[in-house]
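Single-structure report; data block below.
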Amino acid sequence: MKRKSVLLTVFAILALSLLMTACGGGQVVEVEKIVTVEVEKIVTVEVEKEVEKIVTVEVEAEVAEATEEAAAAPTEEVAETTEETAAPAAQAGESTLDIVRERGTLLCGGNANVPGFGYLDPDTNEFAGFDIDYCKAVAAAVLGDAEAVEMRATTGTDRFPVLQSGEIDLLVRNTTWTISRDTALGFNFAPTTFYDGQGMMVRKDSGISSLEDMEGATICVQQGTTTEKNLADVFRALGVDYEPVVLPDSPSTTSAYDEGRCDGFTTDKSGLLSQLPLLANADDHVILEVTMSKEPLGPLVRHGDDQWFDIVKWVTFGTFQAEELGITSANVEEMAATSEDPVIRNLLGAEGDLGQALGLDNDFMVEVIKQVGNFGEIYDRHLGPDTIFNLDRGPNAQWTDGGLIYSPPFR
């Protein structure tokens, strides 16, 4: 402690007290109180400063000791721990891009029970669907091979933990972009690939033509989804009482409704459409016209790796841009070789170094389009007029056709 400065300050205050006594008289007691208080303040401040110095020194010593111990630990043990915990790339100190390239495969989480979007074919034991193709698109860009993907079937409940833990590199599973998922859960959403809204399916002979007709109805809904919360909000706003029948996954929700355990079945309209062919008698059911929410669906990654986020984002935008420019899987190589349009040449890497800025080859979009296709090709392959769904593009049309599919410039 700095005793010298404390004593000097005390002497100064005592001198002031003598002066005040001489000038004013009768003020000695008050001055003594002032002196006591000031001395206590000074001593307290000095003690706090000394304690802070001691603590800082001790902490720095502990950190240095821990660092030395960690550096001396066997390399094998560190590697084993990292593998066992499947730590996210940011925690492991290595970029997701490097991890994926070292592994040689992309680990992607998807749906296994929604035909058209994510479906595990029991005959081939292979995943297929609109969302699955976006996993393949990223693999084509990063690894040059759209088939270098290991799909993991995820549910509405476990999809977020497996992404957070680093067990997968990317999640493309008809997942709605919300503020809480973007912030509190620690995710970054790539561009929306499918604009959807929540709907309601009922039996044609039920007499139900609107949500207001569902007073006292039972409604099947999947657990751990925005659908469950939207249902409660919408029906509360309408003043309609209902009984939710909450199921753990898509198959059990669909089965419960098909078995007659519920008067209604709610999920995204695209999901209702995909489940319709799975019902025992599809013609007995109808999807109401009402849209209960906004459901922007698309790929997502963890916070903490901007390079990986940029890759997934611009691969997605690239499929949008390719459709707008008329670049398809059939003509992409020719366009890359012969086009004089600077916009096309930038997109396909014929000029510029846009790919290098992402850590990829400049012609990464050539591989994506050649192996997977542009947005329109992906859409038509799984949801278009030649499928059982024949789903109108609606808001999922290009912006030039009045839709919401729009890519920023590749510049």
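Values computed for the structure shown
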quantity: Compactness relative to 2.2 N^0.38 Å, alpha carbon Rg of region 305-411; calculated: 1.08
quantity: Likely footprinting exposure, Trp314, Trp308, Trp177, Trp399, fewest C-beta neighbours within 10 Å first; calculated: Trp399, Trp177, Trp314, Trp308
quantity: Kirkwood Rh, Cα atoms: Rg over Rh of region 198-293; calculated: 0.91
quantity: Cα gyration tensor shape for region 133-222, rounded if a/c is under 1.5, else prolate or oblate; calculated: prolate
quantity: Cβ charges +1 (Lys, Arg) and -1 (Asp, Glu), total dipole of region 198-293, debye; calculated: 220
quantity: Residues whose placed amide H lies under 5 Å from that of Val149, excluding near-sequence neighbours; calculated: Leu106
quantity: Sequence of Leu120, Leu170, Leu288 once ranked by neighbouring C-beta atoms within 10 Å, starting from the fewest; calculated: Leu120, Leu288, Leu170
quantity: Around Gly144: net Lys/Arg minus Asp/Glu count, Cβ-Cβ under 13 Å; calculated: -2
quantity: Part-to-part distance (alpha-carbon centres) for region 299-376 and region 118-149, which is given in Å; calculated: 18
quantity: Ser407, Ser165 arranged by Cβ crowding within 10 Å, fewest neighbours leading; calculated: Ser165, Ser407
quantity: Environment charge of Ser209, counting only residues whose C-beta is closer than 15 Å and scoring Lys/Arg +1, Asp/Glu -1; calculated: -4
quantity: Net +/- balance of residues flanking Lys269 in space, Cβ distance below 13 Å, scoring K and R +1, D and E -1; calculated: -4
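Every number here is computed from the coordinates shown, using simple stated rules; none is lab data. Please read all numbers here as calculations on a predicted model, not as lab measurements. We place every Cβ from the backbone using ideal geometry, glycine too, and count neighbours over all the protein chains shown.
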